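The values are calculated or read from the model by the stated rules, or taken from the named source; none is laboratory data. Bear in mind that the values here come from a model prediction, so they are computed numbers and not experimental data. Virtual Cβ from ideal backbone geometry, glycine too; neighbours counted across all protein chains shown. Side chains included, ligands, DNA and RNA excluded: accessible areas come from the protein's heavy atoms. Shrake-Rupley method; radii C 1.70, N 1.55, O 1.52, S 1.80 Å.
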Amino acid sequence: KGIERELVCPACKELFTHPLILPCQHSVCHKCVKEILFAFEDSFADGGSESSNQSSPRIKISSSSMDRIDRISRSASQRRSFGWRGRKRNSLTPRSSLFPCPGCQRDIDLGERGINGLFRNLTLETIVERYRQAARAAAAIMCDFCKPPPQESTKSCMDCSASYCNECFKVHHPWGTVKAQHEYVGPTTNFRPKILMCPEHEMERVNMYCEICRRPVCHLCKLGGCHANHRVTTMSTVYKTLKEKLSKDIEYLISKESQVKARISQLDLLLKETECNSERAKEEASQSFEKLSHVLEEKKSTALRAIEASKNVKLEKLRTQAEEYQGLLENIGLVGYAQEVLKETDPSCFVQTAKQLHVRIQKATESLKSFKPAAETTFEDFVMDIAKQEEILGDLSFHSNGLEIPEINEEQSKMYNKALISWECPGKTDSGHIYVLEYHKLNREEESTTWQEVEVCSKSKVISDLDHDSSYAFRVRGNKGSISSPWSREVILRTPPAPVLSFLFNEKCGYNSEHLLLNPGRTSVESRAGFPLLLGSERMQVGCYTTLDYIIGDTGIAKGKHFWAFHVEAYSYLVKVGVVSSNKIQKLFHNTHDVTSPRYEQDSGHDSGSEDAFFDSSQPFTLVTLGMKKFFIPTTPAAPKDPASRILPLPSCLGICLDCDKGKLGFYDAGCMKCLYECEVDCSGIMYPAFALMGGAAVHLEEAVTAKYGEYHDDI
């Protein structure tokens, strides 16, 4: 029973049927591999519709797998946009070379041959068949050659791929014939090939093992195939070595059975303790929220009572005012009485009566002239601003219990072909066992922000599939069980303006080994003033020797937009960087302008002091000058006339962006991806990265960001 989960396909969740070994060493049924790839192709063709996601009832594809299938669809569309053509949908073999492995959740490159380049896992196939036979011991395998009714078979022939009873086996394998030498086993329905054949050379058996690709190969693969320059070992040596290692590991596990049982008992106790602690934590959390709810209820009751009291006061004032104006209506009789008083002709009697009457009339008149409600009908003083409280409640989490806030290290983090985000804890204690890194693209058009989240067990993370020429915000926090630290300060990083070009220094084209020194990996070059330069200067009586030693990249650019970065040592005296066209490389390495400086040449008559005069359209290349920790903007009509404004501090990492389609060449501060200078360049030929060094100088190519702990080779 314990072995069954090792024999289940991760895609269909059933026992393996004709399993294939993927490059990541996981096995998947042959039929499942085809169905997953067809599902991916249908998702690409149908725009990722829901119906296409459910194209096969056999395989169970999760939402995360479909997200990865969509990502592979985009890469397939890019290949198709460059003229790639595949087979039609009704072909028996899917056309995609990328496969989302359901075992390790990685996108595996199957190579040009795709499924046809994968080996069948014959050993696993045999073990599955043994398991099936043990599971259905009561169900017998019948003879394939008996007349009805067939008898129960007693053996199966691996060469004939058939099962026989004793009598039929004797008839079809007579003594003294070639068939008598056939290999036979117990009754089985699994007839695997006797010899493992090479998938690329179908008539050749595999007899070697490639240590680079970690797969069996034949002698033709080693002689002239894709494994010609790889290190190989004989199959018998690998067989013996792996069998010894596996046997020792199995013996070790068996010898530790008592220790494993003790660990299981300990884990059982931990399970029970976890259950109890979780219930206690739930109860404490419920009490905390009940306290908050009680506080809110009290605040709610207080606010409602205050509003009710204010309402009563305002109503009372308005009612009083309404009664006063109601009294004015009742004073109509007063007006009639006053009109009658006006008819009095005796002054003494009139004054005696009209004095008090005039006071009452005057009061009513003033009330009509200056009408103002006794109370406001609005309750603006009782509008509550809860934005801050909402934000606090939104960040409500379990008490950090001393967990420190991690800080993203901007110096160790960088953006290149991928994003490498590193962080650290300011104190001695870690911020948690697991870190949560969130990031999102800064987009002014979008009102809401959607953070993408990834859990990390280390203090760094490599993130791929970011858009070029875009800014991203990153933040991180630590988690320790159910406890979380606050979020770190957001850090904004910008991606390169174009895809990164990967190349090395070319040691075969114009490389001067006497003046330049390459490291073994061809990623760094250093100029050295040796004896040839010293002997050459001996012949110079007047002037200054200014030889420039050139070196180019080993990869050319014919079209598109590309970016590369490098470091120039701070002690470098003179370095020129840029690009050169393929049809002008010879002029680059045989340019007489670089032999001596005309400024100091005897009787040259030249003393203009314009060292940048050689940066013009007549030159076969486009270079800018670096040195002494400075970046010099070339003299152009658009450049500033003030010499001081053309001199910039040299960035720690300098980047170059070449747009062949637009004929533009830009120089960037690769740390912040800020463009320092841009010019036009003739891209009629194949363009190569170019470098020139003089005196003490060194250039180091920027190392590509790789997921060092994420490659599937480390798991093999």
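Couple of notes before you dig in:
- Estimated inter-spin distance, Thr302 and Lys388, nm [label 7 Å along Cα→Cβ]: 1.5 nm
- Gain on full stretching of the segment that runs from Lys240 to Gln362 - 0.36 nm per residue minus C-alpha separation: 31.7 nm
- Residue list for segment 463-500, given a label point 7 angstrom along the Cα-to-Cβ vector of Asp107 and an amide N cut-off under 15 Å: 463-468
- Sites Lys317 and Ser288, calculated FRET efficiency, Cβ-Cβ separation with R0 51 Å, nearest 0.05: 0.70
- Of the accessible area of segment 407-495, computed with a 1.4 Å probe over protein heavy atoms only, carbon and sulfur atoms account for 40 percent.
- Label point distance in nm, Tyr184-Gln25, each placed 7 Å from Cα along Cα→Cβ: 3.9 nm
- Candidate cross-link partners of Lys314 among the lysines, defined by an alpha-carbon separation under 27 Å and a same-chain spacing of 8 or more, comprise Lys299, Lys300, Lys363, Lys369, Lys372.
- Cross-link table Lys576/Lys630; Lys441/Lys559; Lys13/Lys34; Lys576/Lys629; Lys418/Lys629, entries beyond 18 Å C-alpha to C-alpha: Lys441/Lys559; Lys418/Lys629
- Straight-distance candidates among the lysines for linking to Lys343, with alpha-carbon spacing under 18 Å and chain neighbours fewer than 8 residues away dropped: Lys355.
- For Ile250 and Glu275, the FRET efficiency from 1/(1 + (r/R0)^6), where r spans their Cβ atoms and R0 equals 35 Å, is about 0.50.
- Shown here for segment 218-325: trypsin sites (Lys or Arg not before Pro) in loop regions (DSSP other than H, G, I, E, B) with at most 14 other Cβ atoms within 10 Å, namely Arg231, Lys256.
- Computing FRET efficiency as 1/(1 + (r/R0)^6) for Phe379 and Ser471, where r is the C-beta to C-beta distance and R0 is 30 Å, gives about 0.10.
- Candidate cross-link partners of Lys272 among the lysines, defined by an alpha-carbon separation under 22 Å and a same-chain spacing of 8 or more, comprise Lys261, Lys282, Lys480.
- Per atom type, segment 277-377 shows carbon and sulfur on 57% of its accessible surface, probed at 1.4 Å.
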